[in-house]
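The values are calculated or read from the model by the stated rules, or taken from the named source; none is laboratory data. Small disclaimer: the values here were computed from a predicted structure and weren't measured. Here the Cβ is made from the backbone with ideal geometry for all residues, glycine too, and neighbour counts use every protein chain on show. Side chains are part of the model used for accessible areas, which takes the heavy atoms of the whole protein and leaves out ligands, DNA and RNA. Shrake-Rupley method; radii C 1.70, N 1.55, O 1.52, S 1.80 Å.
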Amino acid sequence: MPGKLKAKIVAGRHLPVMDRASDLTDAFVEVKFGNTTFKTDVCPKSLNPQWNSEWFKFEVDDEDLQDEPLQITVLDHDTYSANDAIGKVYIDIDPLLCSEAATVISGWFPIYDTIHGIRGEINVLVKVDLFNDLNRFRQSSCGVKFFCTMSIPRCFRAMVIHGFVEELVVNEDPEYQWIDRIRTPRASNEARQRLISLMSGELQRKIGLKVLEMGGNAVVGYLQCFDLEGESGLVVRAIGTACTLDKISSTCPAAVVPNLSNSSPSKDMKEAVFGEEAPGVPLSSGPPTPLRAQTFSSFSPSKSYSRQSSSSDTELSLTPKTGMGSGGSAGKEAGPLKALLRQQTQSALEQREFPFFTLTGFPVGFLLHVGGVVSARSVKLLDRIHNPDEPETRDAWWEEIRQEIKSHAKALGCHAVVGYSESTSICEEVCILSASGTAAILSSRFMQDGALDTEHRFEDTAPPACGFCHIPYDELNMPFPAQLTYCHCCRRHKVPDVLFTTIDVPTEASITGKGCLIQARLCRTKKKAQGEGNATAISNLLPFLEYELHTQLLNKLKLRGMNALFGLRVQISVGDTMLLGLASATGVYLTALPSPGGIQIAGKTPSDLTYEQHVSNMQKKINDTIAKNKELYEISPPEWVEEVIGSPIPESRQRSRIFRSHSESSDEVLELDLSHGKKDAFVLEIDDTDAIEDIHSLLTDAPTPPGFYSCNTEIMPGIYNWTSSLQMFTSVRVFRLSNANLTNQGLNKIFNDLCENLLKSLYFKLRSMVPCCLCHVNFIVAVPEDELIQVAVTAVAMSLDKDQTQENGRQSGDKTLMKAITENEEQLQFPLELSAECPSNPLSSAKGLSEVSGPLPSARAPSVDHSSFTDRCSSWIEQIRLKAHTIRRGSIKTTSSLEKSSPLPDSRSRSLRSNRSCPSSSVAVVKMTPLSFLPGTKIIKYLGIINMFFIRETTSLREEGGVSGFLHSFIAEVFAMVRAHVAALGGNAVVSYSMKECVFMENPNKNQAQCLINVSGDAVIFIRESELEATPSQTQSGNVQTSSNGEGT
Amino acid sequence: MLLVVNTAAVVKMSVELDVFVGNTTIMDKEVYQLWLNGYTVSDAVKVRMEGGVMEECEASADVLLSDTMDQFRTFQMCERLLQNPAKLANQLLFQIPPDRQAMLIERYYAFDDAFVREVLGKKLSKGTKKDLDDVSAKTGITLKSCRRQFDNFKRVFKVVEELKGPLVENIKQHFLLPDPLARDYAAIVFFANNRFETGKKKLQYLTFHDFAFCAGQLINNWTVGAVDNMVEDMDVDLDKEFLQDLKDLKILIADKDLLDQHKSLVCVALRGKTKVFNEMEANFKNLSRGLVNIAAKLTNPKDVRDFFIDLIEKFIEPCRSDRWTATDVNLYLTHYTNSAHILDSFKHQTVWTRYMGVIKSCILRMYHE
C-alpha cells in the first residue's frame, strides 16, 4: 500500500440544464480510481453547485497510481429514471508522484463529454501521500521524471545520458470489439479514452522501470505514439532518452537558483560547470560534417503471421486491470528472438545495442561530428494481435528497423544516431513503419562508461565550433560519393558540400544569414490493391518517392543559396489510391560548408532553337531567384580564395559538383555524369515532363511575405531579437479531390498548392505579429479516405523586436539564449561566462572567442549554446557524391573561423520588451508553445508531463456548424483542457507541446463525424526575467561561483 | 436509364474543412465589426477586399475567404458567452486577453442610433421582434444585426428589471459595459418600461441621445430611486407619490392671481434681456398652462407615454414658431422656475423644483433651433 490518493470535489459552475422543466440540474459527482468509487451528495437545482465534499481517500499501489487516471463523472440525479451523465474529467496523477514536480492538483477542469464537448466546469482538489517503498522488485517507477522536451530541460543539468529506452503495449481497440455493436457511441468513446489513458500510464511506468535499471532518473525527449490499427488492435509505443539529471538549483544557494540555474538550458549545459566532472568547461564539440547518405531501407512485405487464436480480451478495456495486466509490452517473456534482444538491451551494453538518442539539442561538447540523415522504412501487413501480453511481432518489426538504422549509421562512420524518431502510417491493413535520425559521433563525456569513442576524446580539449560539420567517415572509404572540401572555418578538416540532419541547429554552429522553412512535397498515385499485393506496390513506390523528395529538397536548398538542412522530417502517408510524401526542414547556410553551386538546366536536344531559348529563359529565372534569395536571407559569405591553405585536392572547388544520382538508379547517374560531368553547377535535366514539373515547383514556391520568417526548428538561425509575445496555433485543412483520374503531376500540383495556400493563410492570420517568425512549424499529412487529403499544422508565431530586426545574424550567438535572457540577466551573466571560459580554454569554441572581446554589460556571449540544438534527424542515408579525402581527425585543432574570431561586441542591447502578455483575468493565462522555452522568461519548475487523448463524436454535424465547426470547437476544447490541467498543477505554460495525432472521420450523409486528438507537452512554471531583477547581487555571486567551479574542472 | 453527366471537372479540389485555432483566440476588430453588422461571409470578404487588406498582405481572395469564415465561426462560438458577459471572463474555452474581452463585449452591445430610434419606447416583445424586417428595410441595417441589437435590449431589460439598486450600476455589473454604454442601456430600459412615445412624426427630429439625456434626467430625479435607493424597480418606474404631488401645481394656472403674479415677475426679470419679449409676454399664460398641465396629468400612464410629444406641442412648438433662440428658452425657463419661488401663496416649492429641473433640461436638450 504505498500510496494514498485523496480527492475532494469542491464545486461546479456553468453546468448545462439537464431538467428542461425547471431549467436546472440536480448534480452529483462520482469519483473513481481503480475499482473504488465514491459519490458526493446531490446538489439540487443548481447550475453552479457547491459540493464541498469530504476528502475521498483511495489506498492504492503506486503501480496503480502510475497506470490509472482519476476519473470524475458529473451526473444529473433523476429520481425516476437512470441518472444522466453530464460529462467526465480524467486527471493524470502522475505529476504528483514525483517529489520535485507538483504537490497538489487544484483547479477548475472542463467537464468533457465525447458527444457534447465541454459542459461546464468542476473544481477539484487532489493530493497523494506516498509512502517510501523499500521493495526493490517493485513494478512501479514512481519518481522517474518524463520530459517531452527534446533537449536537456532548462533548470536541469545532465550528469549522464544513458541512451535509448523504448516500450510498446498493445490491446484490442474497444471500437472494434463485439460489444461496440450494442453500446452507445459515448460508452465506446469513453472505453477507448480510458483504455488509452491506462495504456499510456502503463507504458510510462514500464519505461520508467527501464530507466531505473539503467541507473537514470529521467526520460528526456519522450515520444509517445498511438497506432490505431483498426481490427488488428491498438498499439501505444514510446521512445525516449534515459538520463541522469541533476537539478541545478540544488548545487547553488537556494536564493540564486531561480536566477542562475534556470537560465536557458543551453546555458546550463555550457556553464554546467559547477558539478565536478560534469560537463564542466565548455568543451566545444567538433562534430563532423554530416553528409547525407541515402539508403533505402528494405521494404519487406512480410506478413506477420501468428493468426489470432484466443483473443477474447474484451474485458481488457472494460475492466481497469491494475498492474501489468493489460497489454503487456512486448516483452520480456516473449518469443526467443525478443528475449535475446531484450537481454542484450538490458545488459550494460545497451547503449551500443541501440545507440540512439531522441534528443535534438545537446549539451555543448556532446555532439562531435554529424554524418548525415539515416532512415529506414518498412512496409508491413497488419494482423490481429491475438495476445496482448505478447506483442512480439510489433516489437520485432521495430527491432528490425532499428538495426537497419544502426547499420546505416555505421556505414557513415558513426557510432550513434541523434534526433531519432519513429512513426507509422496505416491504411487499412498496410502499415509503413519509419524511423529516422542523424548519424553522429558523440563525446563520451556524458556516457556512463565513456567507452564510446576513444578516438574523439582527445578532441575534447578544444574542438572548434565548426567541428560538427567535419566528416566522421573515412575519406578513402566513403559510404557514398560526395564532394569534400576543406572546412571554411578551420580549413583543416574536410567538410561535405551539403549537410542534412534531423537535429536542431547546434548552438555553436556558425550560420551565415538567416534560415528558412523548406518543404518538398510529393504525391504519387497508386492502384487500389489488397493485402500483400498492396504492400508490394507500396514498397516499390517508396524508393522513388524518397528519392524525389530528396532531390526536391536539394534543389530548393540550392535555390535559396543554402547548404544545410536541419530538423529534417519526412512523412510518408498511405492512402488507398495514393502515397503522400512531405519533407520539411530548415535550410541554413553553414559558414563552415562551401557555398552551394548554382543550378544549371540542361536540355537534351540542343538542336531545337526555341527549346534552347526556353531553357535559357528558365536558367535565367533560376539564377535570378537564387540571387534574390541570397539577398532575402542575407547570405553573403565572405569570399574565399580557393583552398589556399588546403592540400591540393583537385576536387575541392568552391562550387561543388553534384549530379543527380542515386545508388539505385545507376543508369541515370552514368548518363548524367557523361553529359555534364564537366560542369560545376548542379545540373537539372529537363528532358522529360517530370523535370519540367520539378523546375516549376521550384519556382512556384512563394517567398514568405515581408516581415515573416519560418522554420521547423526550435528557433530561426540568425534571429536574436525575440520578444515574449507568442501565439501557438493549430490549423487543419481537409481537401477533397473531386476528380478521381488525376495524374501524378496533377496530384502534385494540388498537394503543393494546398501546402502553399495553407502557409499563406497562416501568414495572413498572423500579420498583426509582424515582424515575426513561425517556429517549429510541424506539418502532419494524412489520407483519411479516398480522395481526401488532410494537412494539420501546429507551430508557434513569435514576434521580433522591430527595432532590432536588423541585428547581425553572423554573430552566431545562440539565439535561444538571447531570447531566454532578459537584459538584466544578460548583463549579469556575460562576465561570468567569459570568465569561466576564457581563461580555461579560449579556443574551446569559436564563438567563445568572438565574445571575449566584448565583456561589456551589453555584450552577449555568443558562445552560449542554447539547449536545443535540436537537430532533428530524419534519416535517410542519402548518397552524396563527394570525393573522399582523408582527413585526420583526432588531432586537436583549435582554429576558429576567421569570421568569428573577429570580435563582434554584439551590443545586443536587445531590449526584450517584456511584454506582459495579457494580464490575468479570473482565469489564469496559460501559454503554450512547441518550443522548449519561452523567450524572455525562465522556467523555474517542471511540473510533469501532459499527455492527453480525447475523442469527440457528433451525430448532429450540421447543427454544430459542419465539419469545420465541429473540429474548430474540438481543438479549442482540447486546448482548454490542456490549459486547465496545467493551471491545476500550478503551472502557467506548456512547453514542447505537440499534437501527435489528429484523426478525423466524417460521414456527412449520416450527419456524423468523429475525431481523435492526442497532445502532449511539459507543464512548467515560468517567471518573467524582468521579475528576477530584484536579486541581482545574488545572481552575481552565484555566477561567480559557477564559473570558478567550471575552471576547476 | 443512364443519366449522362458532364464531368468537366473544372474544380479539382475543394476545401472540405478549414480551421485555425490559436491558443490565444485571434480576433480581427474589423472582421468582428462586419460580423456584428450581420454581413454574410461573402459580403464581408467583398468589403475586406475593397478595404485593401489584400494588397497590404499579399493575400489572395481564397486566403481572405478562409480567414473570414474562420473568424465568423469563432465569433459564432463566442456569441453564447457574449450574451452572458460575466461568463466570458471565467470560461475556459477561449483564452482571450481581458482588454480584448472588453472590446468584444462593448462592440457586441453597441447599437446603431438609427435602429434604436425605431425601437425606443416600444415594448420589447415578440411582436416588436417580428416587425424588425420593416425596421431593417427602413434603416438599411441587416436583419441579423437588428435582431442582435433587439435581443441585447431585451436581455438587459429582463435582467435588470428584477434587480434592486441603481440601474446604471446594475447594467455595468451584469454586462460589464463601460459607463456611457451602460447609461444608454439604462435609457433604453427606462423608455421600454414606461413606453414613452418616440415615433410620432413631430418627434422624428430628436436623436437617440436627446432621449437618452432626458431619460437620464428622469431617472435621476423622478424615479423612486432618486429618493430611496434600495427599492426594486426603483430606477425604472416613476415615483408615484411625486406624480400625485404634481397635481398640486395646478394652482399655478388655476388661481388667476397667482398666474398674473407669476407672469409679472417673469416679465420684470426678462424685460430688455430678450428680443422675443413681446412674444413671451403674449404667450406666457399658454406656455405656463401647458407645462403645468403636463405635470398634472402624469398620474395617467397614457399621458406619461405622451410626455415628450406634449412637451413639444405645448411648449417647444410655440416657442419655435415665435423664433425663440435656445438662450431665450433658457432664460425664460430659469426665471419661470425661480419666480414661482417668490410667490407667497405657492406652497409646493420642493415638488416645483423637482419638476421644473427636469423639464428645463429636457426642453433645452430637445430645443433644436
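Where in segment B:23-86 are the helices (runs of 4 or more DSSP H), entirely inside, with at least 2 residues that are under 30 Å from residue A:928 (Cα atoms) and facing chain A (nearest Cβ under 10 Å)? Please lay out each step first, then the result.
Details: elements: B:29-36, B:41-51, B:53-57, B:61-82.
Filter on segment B:23-86 gives B:53-57, B:61-82.
Can you tell me which residue within segment A:476-490, out of those that are at pLDDT 70 or above and out of contact with any helix residue (DSSP H, G or I) (no Cβ under 7 Å at 6 or more places or on another chain), is surrounded by the most Cβ atoms within 10 Å (Cβ to Cβ)? Break it down into steps so the answer makes sense when it comes.
First pass over segment A:476-490, keeping only residues at pLDDT 70 or above: A:483-490.
Now narrow it down to the ones that are out of contact with any helix residue (DSSP H, G or I) (no Cβ under 7 Å at 6 or more places or on another chain): A:483, A:485-486, A:488.
Details: A:483: 24, A:485: 29, A:486: 24, A:488: 25.
If we take residues in segment A:476-490 being at pLDDT 70 or above and out of contact with any helix residue (DSSP H, G or I) (no Cβ under 7 Å at 6 or more places or on another chain), then A:485 is surrounded by the most Cβ atoms within 10 Å (Cβ to Cβ).
Of the residues that sit in segment A:29-59 and are within 35 Å of the chain's Cα centre (by Cα) and not basic (Lys, Arg), which one is farthest from residue A:202 (Cα to Cα)?
Looking only at segment A:29-59, we keep the residues that are within 35 Å of the chain's Cα centre (by Cα), and these are A:32-34.
Still in the running and not basic (Lys, Arg): A:33-34.
Details: A:33: 15, A:34: 13 Å.
Restricting to residues being within 35 Å of the chain's Cα centre (by Cα) and not basic (Lys, Arg), the top hit is A:33.
In segment B:268-307, what count of residues is obtained for those that are within 26 Å of the chain's Cα centre (by Cα) and of a type in the set (Asp, Glu)?
Here the count works out to 2.
Condition test on residue B:153, is it open to solvent by less than 20 Å² (accessible area, probe 1.4 Å), within 21 Å of residue B:217 (Cα to Cα) and not aliphatic (A, V, I, L, M)?
yes
Of the residues in segment B:335-354, how many are open to solvent by less than 40 Å² (accessible area, probe 1.4 Å) and under 20 Å from residue B:269 (Cβ atoms)? Walk me through it before giving the result.
The initial filter retains those residues of segment B:335-354 that are open to solvent by less than 40 Å² (accessible area, probe 1.4 Å), namely B:336-337, B:339-340, B:343, B:346, B:351-352.
Narrowing further to those that are under 20 Å from residue B:269 (Cβ atoms): B:336-337, B:339-340, B:343, B:346, B:352.
Here the count works out to 7.
Only one of these is within 9 Å of chain B (Cβ to nearest Cβ), over 23 Å from the mean Cα position of the chain (by Cα) and closer than 26 Å to residue A:734 by Cα: A:966, A:975. Name it. Full working, then the answer.
Values: A:975 fails: over 23 Å from the mean Cα position of the chain (by Cα).
From the options A:966, A:975, the qualifying one is A:966.
Of the conditions (1) at pLDDT 85 or above; (2) over 21 Å from residue A:396 (Cα atoms); (3) of a type in the set (S, T, N, Q), residue A:249 satisfies every one except a single condition; which number is it?
Condition not satisfied by residue A:249: (1).
Could you say whether any residue in segment B:171-187 is open to solvent by 10 Å² or more (accessible area, probe 1.4 Å), under 28 Å from residue B:351 (Cβ atoms) and under 16 Å from the mean Cα position of the chain (by Cα)?
Yes, segment B:171-187 contains at least one residue that is open to solvent by 10 Å² or more (accessible area, probe 1.4 Å), under 28 Å from residue B:351 (Cβ atoms) and under 16 Å from the mean Cα position of the chain (by Cα).
With (1) open to solvent by less than 10 Å² (accessible area, probe 1.4 Å); (2) modelled with pLDDT of 90 or more as the list, and residue A:404 as the residue in question, which single condition is left unmet?
Failed condition: (1).
Check residue A:111 against each of (1) more than 14 Å from chain B (Cβ to nearest Cβ); (2) modelled with pLDDT of 90 or more and name the one condition it does not meet.
(1)
Suppose we filter segment A:751-793 for residues that are open to solvent by less than 10 Å² (accessible area, probe 1.4 Å) and closer than 18 Å to residue A:935 by Cβ; how many remain?
Of the residues in that region, 6 qualify.
Looking at residue A:751 and the list (1) under 20 Å from residue B:22 (Cα atoms); (2) touching a Cys at 6+ places or on another chain (Cβ under 6 Å), which single condition is not satisfied?
Every condition holds for residue A:751 apart from (1).
Residue A:715 fails exactly one of the following numbered conditions: (1) within 29 Å of residue A:972 (Cβ to Cβ); (2) surrounded by fewer than 24 Cβ atoms within 10 Å (Cβ to Cβ); (3) modelled with pLDDT under 85. What is the number of that condition?
Of (1) within 29 Å of residue A:972 (Cβ to Cβ); (2) surrounded by fewer than 24 Cβ atoms within 10 Å (Cβ to Cβ); (3) modelled with pLDDT under 85, only one is false for residue A:715: (2).
Inside segment A:534-636, counting only strands (runs of 3 or more DSSP E) that do not spill past its ends, which hold 2 or more residues that are closer than 20 Å to residue A:512 by Cβ and out of contact with any Asp or Glu (no Cβ under 9 Å at 6 or more places or on another chain)?
Working: elements: A:564-574, A:578-590, A:599-602.
The strands (runs of 3 or more DSSP E) meeting that bar are A:564-574, A:578-590.
Return the residues of segment A:178-220 that are in contact (Cβ under 8 Å) with a residue 60 or more places away in the chain, surrounded by fewer than 20 Cβ atoms within 10 Å (Cβ to Cβ) and among the basic types (Lys, Arg); say none if nothing qualifies.
The one that is in contact (Cβ under 8 Å) with a residue 60 or more places away in the chain, surrounded by fewer than 20 Cβ atoms within 10 Å (Cβ to Cβ) and among the basic types (Lys, Arg): A:186.
Out of all the residues in segment A:160-177, is one or more surrounded by 24 or more Cβ atoms within 10 Å (Cβ to Cβ) and either free of Cβ contacts under 8 Å to residues at least 60 places away in the same chain or assigned to a helix (DSSP H, G or I) (or both)?
Taking every residue of segment A:160-177 in turn, at least one turns out to be surrounded by 24 or more Cβ atoms within 10 Å (Cβ to Cβ) and either free of Cβ contacts under 8 Å to residues at least 60 places away in the same chain or assigned to a helix (DSSP H, G or I) (or both).
From the list B:199, B:127, exactly one residue is of a type outside the set (Lys, Arg) and in a loop (DSSP other than H, G, I, E, B). Which is it?
Values: B:127 fails: in a loop (DSSP other than H, G, I, E, B).
None of the other options fit; the residue is B:199.
I'd like to check something: does segment A:983-996 contain any residue that is buried (at least 21 other Cβ atoms within 10 Å of the Cβ) and at positive phi?
Yes; the residues of segment A:983-996 include at least one that is buried (at least 21 other Cβ atoms within 10 Å of the Cβ) and at positive phi.
Return the total of residues in segment A:15-24 being more than 16 Å from residue A:75 (Cβ to Cβ) and either within 13 Å of chain B (Cβ to nearest Cβ) or surrounded by 18 or more Cβ atoms within 10 Å (Cβ to Cβ) (or both).
Start the filter on segment A:15-24 by keeping residues that are more than 16 Å from residue A:75 (Cβ to Cβ), which leaves A:20-23.
Imposing the further condition that a residue be either within 13 Å of chain B (Cβ to nearest Cβ) or surrounded by 18 or more Cβ atoms within 10 Å (Cβ to Cβ) (or both) reduces the set to none.
Going through segment A:15-24 one residue at a time, the tally reaches 0.
Can you work out which of the residues in segment A:731-785 that are acidic (Asp, Glu) and over 20 Å from residue A:967 (Cα atoms) is farthest from the other protein chains (Cβ to nearest Cβ)? Let's see the steps before the verdict.
The initial filter retains those residues of segment A:731-785 that are acidic (Asp, Glu), namely A:753, A:756, A:785.
Going one step further and asking which of them are over 20 Å from residue A:967 (Cα atoms), we end up with A:753, A:756.
Details: A:753: 8, A:756: 10 Å.
Filtering segment A:731-785 for residues that are acidic (Asp, Glu) and over 20 Å from residue A:967 (Cα atoms), the one farthest from the other protein chains (Cβ to nearest Cβ) comes out as A:756.
Restricting to segment A:581-601, and then to whatever is small (Gly, Ala, Ser) and modelled with pLDDT of 80 or more, can you tell me which residue is surrounded by the fewest Cβ atoms within 10 Å (Cβ to Cβ)?
A:595
Quick one: what pairs do we get from segment A:976-1000, first residue farther than 28 Å from residue A:784 by Cβ, second aromatic (Phe, Trp, Tyr), C-beta under 6 Å, 6+ apart or different chains?
Pairs found: A:980/A:109; A:989/A:1022.
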